[in-house]
């Protein structure tokens, strides 16, 4: 049998690393005893070996209450066993962040998978309580690897030199020490004329970075952007 699929570019990537990119859209993680992975439910696309997938609970009453009160809906599953597991999400670009005893605040729609050894919780984005969606992020911290997705190639912005403003749906993740505020660039004259379509942004300023995707992804309300 012959096909372009048998080219080396489509073959499984094998390097011996625990976390690696199979391609721009897919991640391969080696799961072993004592090296569990937490992933967003539905993110697994294939696996080789013996793997078990179980719902991951909140872990504490306080975390359960916060998830209930914030409507944060990023259901996680714990992957255990001895296997190579492939994760992807809507054919979006994937990339890794290595945490070294620090933290990252991640939009739930951009979270893919992370080492189970990392701590995680739900936290409120200051000033965003009136927004439906995008008001609460998943905070992960500790030492380990996290895989995130981006609707297109992501960009990294340094927020330490000057104020940085990012469309709420384009903000993938940011340094946990940053405290963004929700601001509006719309003035009354623009509002009376129908608005600009860019009403609200996250405002960042301080030592840290924000990851931005070249797309507004799923806007508030859950309908795809045009």
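Using the average count of surrounding beta-carbon atoms within 10 Å as a protection proxy, the listed peptides 148-159, 39-50 rank, highest first, as 148-159, 39-50. With a Förster radius of 45 Å applied to the C-beta separation of residue 155 and residue 1, the computed FRET efficiency comes to 0.60. Among 96-106, 172-182, sorting by the average number of other beta carbon atoms lying within 10 angstrom of each residue, highest first, gives 172-182, 96-106.
Values quoted throughout were computed directly from the atomic coordinates according to the rules given, and no laboratory measurement underlies them. Because the structure is a prediction, the values reported are computed rather than measured. Neighbour counts are summed over all protein chains in view; Cβ atoms, including those assigned to glycine, are modelled from backbone coordinates with ideal geometry.
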